[in-house]
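Below is one structure, written out as structure tokens, with a few remarks after it.
None of the figures in this text is laboratory data; all of them are computed from the coordinates on show. It should be emphasised that the depicted structure is a prediction, and the values quoted were computed from it without experimental measurement. All Cβ positions, glycine included, derive from the backbone under ideal geometry; neighbour counts span all protein chains shown.
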Amino acid sequence: MVNFRVLARAMSTVAKAFETNQVVPDVVPKAPAALAKVVYSSGVEVKEGNELTPTQVKDVPTVTWDAQADKFYTVAMTDPDAPSRTEPKFREWHHWLVSNVPGSNIAGGETLSAYVGSGPPPDTGLHRYVFLVYQQPGKLNFDEPRLTNTSGDNRANFSIAKFASKYNLGDPVAGNFYQAQYDDYVPLLYKQLGN
């Protein structure tokens, strides 16, 4: 049985975190209704704006949400603060994009952009890294370029809201975010991306 009080509290917590940290309106016009659980192999969990390090989030996380097994989803991770929150001229830099995810089986989805961990430049402060889950109207054909995790090309000036509009995805059904700033893993990531 669904506990509507707990559900309403979780919904208001997500919306409040997204609004307080200006993820709404910087990334999406409306906060997702539910929280996506995001856990990294380093043992850390994303918790509505908590601070994590690039070292902790370098590997692909496990993302779970209240998915329906017979539906398809798109999962995205994006940074609206590139190269910095005060001067976001590359907003958004997308880090991960997987579509046609059957139920919550991200590994069974179609990877449009391979996962790239956080790489905030030195002295740019905290960046927000936003996870969003969209329920698709069905299985879709995507005409986006397929991006590897060995180049930063075609990742800047992305808009998950425009992507969602283009493919008629509606509002996100789940989401979460963390914040991170430069640490000594970032130069290794830049090397991986060919910088």
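If you line up the long axis of helix 4-20 against the longest principal axis of the chain, both from Cα atoms, how many degrees apart are they, to the nearest 10?
Its long axis makes an angle of about 30 degrees.
Relative to the compact globular guide of 2.2 N^0.38 Å, what is the alpha carbon radius of gyration of region 95-154, as a ratio?
Rg over 2.2 N^0.38 Å, computed on Cα atoms: 1.31.
Work out the length of the dipole vector of region 139-194 about its Cα centre, built from +1 on the beta-carbon of each Lys and Arg and -1 on the beta-carbon of each Asp and Glu, and round it to the nearest 20 debye.
The dipole magnitude comes to about 200 debye.
Roughly how many debye, to the nearest 20, is the charge dipole of region 4-192 about its Cα centre, given +1 on each Lys and Arg Cβ, -1 on each Asp and Glu Cβ, and no other charges?
Its charge dipole is roughly 400 debye.
Over 28 Å between Cα atoms, which of Lys37/Lys191; Lys71/Lys166; Lys162/Lys191 qualify?
Lys37/Lys191; Lys162/Lys191
With the chain treated as a Gaussian network of Cα nodes joined by springs under 10 Å, which of Val44, Val101, Val130 yields the largest mean-square fluctuation?
In this elastic network of the chain, the residue with the biggest mean-square fluctuation among Val44, Val101, Val130 is Val44.
Compute the Rg/Rh shape ratio of the chain: radius of gyration over Kirkwood radius, all on alpha-carbon atoms.
That ratio equals 0.94.
Among Asn154, Pro32, Ser42, pick out the residue whose Cα is farthest towards the positive end of the charge dipole of region 4-192, where Lys and Arg carry +1 and Asp and Glu carry -1 on C-beta, about the Cα centre.
Going by the Cα projections, it comes out as Pro32.
Which one, Phe131, Gly108, Phe90, projects farthest toward the positive side of the charge dipole computed for region 58-176 from Cβ point charges (K/R +1, D/E -1)?
Projecting each Cα onto the dipole axis, the largest value belongs to Phe90.
Can you work out the Karplus-derived ³J(HN,Hα) for every residue in region 90-99? Use 6.51 cos²θ - 1.76 cosθ + 1.60 with θ = phi - 60°, whole Hz, and x for glycine or proline.
Values per residue, Gly and Pro as x: 9, 4, 9, 9, 8, 9, 6, 8, 10, 10 Hz.
So, in Å, what gap is there between the alpha-carbon centers of region 36-55 and region 132-195?
Taking the Cα centre of each part, region 36-55 and region 132-195 sit 17 Å apart.
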